[in-house]
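Asks: Pasting a structure below so you can have a look.
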Amino acid sequence: MSRDRVQPNCWVALKLPSEDFKILEIVPNTTISLGKYGSFPSNLIIDRPYHLTYEIQDKRDDENFARLRVVPAAELNADALADTSADAEEGETEEETIIKPSDGEELTLVDEASGQVVIRSKGEAIDETARQTLTIQEIEELKKKGTSAGKELIAKLLLSHTAIEEKTAYSLAKYKLLKTKKYIRRFTVLPLDVPLLAQWMLEDKDASKIMEMRNESMALVGCWADVHYVAPHLNDAEDESGGRWLVVDDTGGLLTASLAERMGILHENPDEAEKPQEENPEVQIEAGSEETKTEARPAKRRRPDDLELPFAKRNTLTILHHNTQPNLFLLRYFNYDSSDPDPHPPYHPLFSNMMSLSWLQLLNPEEDITLANPPEEVAPEVLATWKTNRRGNHHRKRRRWARTRHIVDSTRAGGFSGLAVASPMDPVSILRHTLPLLAPGAPIAIYSPSIEPLNSLVDCFSVGRRGAWITDPPKEAEGKGIEELERWEGNAEYPLNPTLVLNASIQTSRAKRWQVLPGRTHPVMTAKGGAEGYIFTGWRALPVEGKIEARGKFKRKKADPK
Amino acid sequence: MATAPQLLEPRQRSKPGDLAVVLLARDSYEPLILEQSTGAVDGYAEGAMLNTRFGSFPHSTLLDIPWGSQVRASAVDTGSRGRKRRREDSGDDASTPALEDTEGTATPTSAPAKKAVSASSGFIHILRPSPELWTYSLPHRTQVVYTPDYSYILNRIRARPGTRIIEAGAGSGSFTHASVRAVYNGAPKSEDDRKGKVFSFEFNEARFRKMEEEVDSHCLRDFVSIKHRDVYNEGFLVDGKSPMASAVFLDLPAPWKAIRHLSRRRPQDMEQDASDDSKWVSALDPKKTAMICTFSPCIEQVIQTVSDLRKLGWVEVDMVEVSNRRLVSQRDRIGSYLPKEKGANPNPADVTEALSKLREVNQKTREFTRIKANGREGGQDDQMDVDGSNSEREPNANNKLDESSTEKSWMQGRLVHRPEAELKSHTSYLVFATLPPEWSEEDEAAAYAKWPCGNEAKVVGSLDKAARKQEKRDALHSKKKRKQDQADGEAQ
Ligand SMILES: C[S@@+](CC[C@H](N)C(=O)[O-])C[C@H]1O[C@@H](n2cnc3c(N)ncnc32)[C@H](O)[C@@H]1O
């Protein structure tokens, strides 16, 4: 499947003239309605490239659907570029552009907020009063009424074919407003990827569900946790498992999705673009249309052994969650159903490269119900006598047990290449239990909407605390080796072993948007408020064993100014 | 077959030939290629040596150890290289005398002083390299793009595993390293196996050479192509072939002079040699949307770039500025009765403390007056001392300090944060734009034939009034019908 074109049944974002996004699954043979903006058949965008801007046409007399017209870039940019010439020439030409639409063009005045058509220059009955010339008093009156009245005024002026002077009293911004209305039926088709999903969740949908994490924060976490694709096989046998990242995600799966995107495991078949898979649509349809989740499978495809593990050893994400199941609902926009533990092929890459376990399974696996009840061995002859349903349950149980066992064991074995966190839970408690799981040298990146939790975390690694830990270790730590101290349980003075993290730091980023138009370039006037977003970064350290603690005073901190 | 470069293969231990980043002190990094030595190197019997202001470290002590390890300095015979001082007790941490710097280590004359010195200055940490560590440790030849900018840029231009990205100029290679991590999706198996790759161009000869060296020593040859090129005039093809790029990053003084080389067809302003018109090759992948970012410090550059991008048919033109702040966490220790340590503010902590302070002064004044009066009457010297001890401070209840808390100054005071002393308040403006693939009438006709319209079964998305009414009517109708059926059933 090529990701360069709109595929049937994939999610896309439609960008509307209001700058809002509409997130839709593109089901073939349906009508996509953009409400007031019009509607069109889904088939008209399927198999077309992304990033095209369309205009919804009027229905032809002999057709029951509206066709689309691709709006050429020159037309899209005409406004911004037209300003250049308008600026270069004198005001007179400008006025000309304001009132005279080019041949056959329809001027429609639209309320930007509601998308409501206020007035149209032709085709509809126009309020008789608008045809009359307005008096100066009327204009002043309307001006006083505020912005929305301004629109009304422009509409009236526009349609009254007079009073050019008054029109120019209105700013270029109003002129923009005038020009935008004819784009009312335009939309742009964008691929739904993580940056776009994040923007949509933050600005249009529900920022609290993603902990108000902005794209700039998300990008920083991905980089500082050094998350990237890792090749499935190494030439040498050493370090067979590599590129496993540990994740604590309370953003509904947004953080997970962003990391998966960096690792090339989010989008289905990202590499397949060049392969001739498309030529074989039947296979795909067969697999895709399979709705039954029962065990009744065609006999030709042998079901693998229940205890066979579907998981990759490298390039994986391990998600720690606080409910019995992880909350990764946003992954559905990438066609991954995280609630189905036992999907059928073709598998989403996340099925093999993402694992999840609860904090209880990590810290007290003996208390886990699945693990506590290993499924019984049943002889094949006996199994054959069972009813289909019972047999299916048996297989499912065995598979779940084997997978859970593997996930818990491999996670507890540690050696993770990095840690990425976005969670309202106290980061100190998170690190207390995850630091021992990180390979020394592994980077750590933690997102928090507010700075306070991260500030307390950094304080755990302050110069003073580290120095004191070495020169005058707490009683509970005495006589313990490095490995034991990696699992330091924390006390009031040392919530964490302060020597386990290097270069603990906090930063914050904000991308400020600008408007760039000739003569009118400035930062945009409003932006979303709310959480600023902070990132903690550091590296997991492996302190030297013994001696260095035994040595005398550690008073001078020149090696470690803070 | 090419192996995964070390930068993109998170192993657990260091090995010869690896790039390591040494953490000397907070925010102080130094890159180092680890060497395995078989004999003396540069006069060091231990072989290749890292000399720092915190001591000397033979590479052998940095090899085959877990990344993140703390490593003690070694006592090293500096041979002819430094002062001929040498300590036998090699088990001790020791800064190499030859390498003492100004703020450095006290001369180890007495035992306690020696201990203090070695403990505080005799170690480093060795980190597994990442583009971030490289960016903050690389030898600067130019201004570089730092993590706050490049993380955001790579995100916006959708540089992901498999992306082919063009970059100019390479400069110091900071962005190069970040982008190769972003686009890496394995080593190409053959000549025409198209994998994620960085196509980098640099016009300054010395910088180009240095970049070549680094790409080589970081084993990135298969993943980064670096060309010595003036991209304004010569564009972005590599050996006449298209890099087939879908992402572009330009960090050049005049990006608008380069973007015309990034068209889908021969731009009009490029001289047309009628004979080879068909041979014009685009550097972009014709099937993919191209995303560009240009990076310029001045607004004038932005305006020119934006205008040219629009003229050349790029859409969704957008400009942002990323402002990043690093925050320092500290404890604000305020109080007149805190031990006089560095960092403590002797201001009264609160009004109560201020009052008690004032009362003390009052008392002292009174006593002083009294002593003076006494003195005139022939006072004694020792009277002063007694009085002095009488006026011992009386910390208020809120700020009582017992013995243990004096030691734990790192737990005292309020935990606060503030921006770093030196702020990077402006780096550059980031211009983004998108160039969709070409879509011809024929393409559209073919797609329409494959996906014919007119048989739409249902409506999705936001419904307009008419559609909603219709839907309601349908629902009502079926409800009625159901009721009717039910009634019929009951009647029977
Ligand atoms: C600011 S530096 C780039 C820094 C780089 N982005 C980094 O992160 O290290 C700009 C570089 O562009 C190079 N350059 C300037 N004009 C060029 C041209 N026409 N073609 C290729 N490179 C050019 C300069 O030599 C300089 O090294």
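Asks: Residues in the stretch B:9-20: is at least one more than 14 Å from chain A (Cβ to nearest Cβ), modelled with pLDDT of 90 or more and part of a strand (DSSP E or B)?
Replies: No, the stretch B:9-20 contains no residue that is more than 14 Å from chain A (Cβ to nearest Cβ), modelled with pLDDT of 90 or more and part of a strand (DSSP E or B).
Asks: While we're on this one: Step by step: first the residues of the stretch A:527-554, then only those that are more than 7 Å from chain B (Cβ to nearest Cβ), modelled with pLDDT under 80 and part of a loop (DSSP other than H, G, I, E, B), then the one that is nearest to the chain's Cα centre (by Cα). Which residue is that?
Replies: Ranking the candidates gives A:Glu545 first.
Asks: May I pose another question? Among the numbered criteria (1) more than 9 Å from every other protein chain (Cβ to nearest Cβ); (2) open to solvent by 20 Å² or more (accessible area, probe 1.4 Å); (3) modelled with pLDDT of 95 or more, which single criterion is violated by B:Gly162?
Replies: (1)
Asks: Output the residues belonging to the stretch A:64-79 that are within 7 Å of chain B (Cβ to nearest Cβ) and of a type outside the set (A, V, I, L, M, F, W, C).
Replies: A:Asn64, A:Asn77 - these are the residues of the stretch A:64-79 that are within 7 Å of chain B (Cβ to nearest Cβ) and of a type outside the set (A, V, I, L, M, F, W, C).
Asks: Quick one: in the stretch A:378-402, of everything that is out of contact with any helix residue (DSSP H, G or I) (no Cβ under 9 Å at 6 or more places or on another chain) and in a loop (DSSP other than H, G, I, E, B), which residue is most open to solvent (accessible area, probe 1.4 Å)?
Replies: A:Lys387
Asks: I would also like to ask the following. Counting just the residues of the stretch B:211-220 that are away from the ligand (no atom under 15 Å from the Cβ) and in contact (Cβ under 8 Å) with a residue 40 or more places away in the chain, which one comes out farthest from the other protein chains (Cβ to nearest Cβ)?
Replies: Only one residue tops the list, namely B:Ser217.
Asks: Here is a follow-up. Any residue in the stretch A:365-376 that's in contact (Cβ under 8 Å) with a residue 40 or more places away in the chain: show its pairings with residues that are surrounded by 10 or more Cβ atoms within 10 Å (Cβ to Cβ) and charged (D, E, K, R) at Cβ separation under 9 Å, as long as the two are six or more apart or on different chains.
Replies: As it stands, the answer is A:Pro365/A:Arg405; A:Pro365/A:Asp409; A:Pro365/A:Arg412, since those pairs meet every condition given.
Asks: Can you tell me which of A:Glu483, A:Glu489 is free of Cβ contacts under 8 Å to residues at least 40 places away in the same chain and out of contact with any Cys (no Cβ under 8 Å at 6 or more places or on another chain)?
Replies: That would be A:Glu483, the only listed residue that is free of Cβ contacts under 8 Å to residues at least 40 places away in the same chain and out of contact with any Cys (no Cβ under 8 Å at 6 or more places or on another chain).
Asks: Does the stretch A:39-51 contain at least one residue that is free of Cβ contacts under 8 Å to residues at least 24 places away in the same chain, open to solvent by less than 40 Å² (accessible area, probe 1.4 Å) and facing chain B (nearest Cβ under 7 Å)?
Replies: The answer is yes, given that some residue of the stretch A:39-51 is free of Cβ contacts under 8 Å to residues at least 24 places away in the same chain, open to solvent by less than 40 Å² (accessible area, probe 1.4 Å) and facing chain B (nearest Cβ under 7 Å).
Asks: Is it true that B:Ser172 is farther than 19 Å from B:Leu435 by Cα, small (Gly, Ala, Ser), surrounded by fewer than 22 Cβ atoms within 10 Å (Cβ to Cβ) and without any contact (Cβ under 8 Å) to a residue 60 or more places away in the chain?
Replies: The answer is no for B:Ser172.
Asks: So which helices (runs of 4 or more DSSP H) stay within the stretch A:403-518 end to end and still have 3 or more residues that are at pLDDT 95 or above, within 11 Å of another protein chain (Cβ to nearest Cβ) and open to solvent by less than 10 Å² (accessible area, probe 1.4 Å)?
Replies: A:452-459
Asks: Inside the stretch A:23-57, can you point out the residues that are under 30 Å from B:Ala245 (Cβ atoms) and in a strand (DSSP E or B)?
Replies: Residues satisfying the conditions are A:Ile23, A:Leu24, A:Pro49, A:Thr53, A:Tyr54, A:Glu55.
Asks: Could I ask something else about it? Taking the stretch B:229-249, which residues are farther than 28 Å from B:Lys189 by Cβ and open to solvent by 70 Å² or more (accessible area, probe 1.4 Å)?
Replies: Across the stretch B:229-249, the qualifying residues are B:Asn233, B:Glu234.
Asks: Continuing with this model, one more query. Of the numbered conditions (1) in a helix (DSSP H, G or I); (2) open to solvent by 70 Å² or more (accessible area, probe 1.4 Å); (3) modelled with pLDDT of 80 or more, A:Val221 fails exactly one; give the number of that condition.
Replies: Result: A:Val221 passes all but (2).
Asks: Give all pairs with beta carbons closer than 8 Å in which a residue from the stretch B:235-260 that is at negative phi and not assigned by TED's automatic domain parsing to the domain that holds B:Ser428 meets a residue that is modelled with pLDDT under 95 and within 13 Å of the ligand (Cβ to nearest atom); count only pairs at least 6 apart in sequence or on separate chains.
Replies: none
Asks: Considering only residues of the stretch B:24-49 that are in a strand (DSSP E or B) and touching a residue at least 60 places away in the same chain (Cβ under 8 Å), which is farthest from B:Arg128 (Cα to Cα)?
Replies: B:Leu24
Asks: Hey, any hits in the stretch B:203-210 for a residue that's near the ligand (Cβ under 9 Å from one of its atoms), open to solvent by 20 Å² or more (accessible area, probe 1.4 Å) and part of a loop (DSSP other than H, G, I, E, B)?
Replies: Among the residues of the stretch B:203-210, at least one is near the ligand (Cβ under 9 Å from one of its atoms), open to solvent by 20 Å² or more (accessible area, probe 1.4 Å) and part of a loop (DSSP other than H, G, I, E, B), which makes the answer yes.
The values are calculated or read from the model by the stated rules, or taken from the named source; none is laboratory data. The structure displayed is predicted, hence computed values, not measured ones. Cβ coordinates were reconstructed from backbone atoms using ideal geometry, including for glycine residues, and neighbour counts include every protein chain displayed. Note: accessible area is taken over every heavy atom of the protein model, side chains too, but ligands, DNA and RNA are not part of it. Shrake-Rupley method; radii C 1.70, N 1.55, O 1.52, S 1.80 Å.
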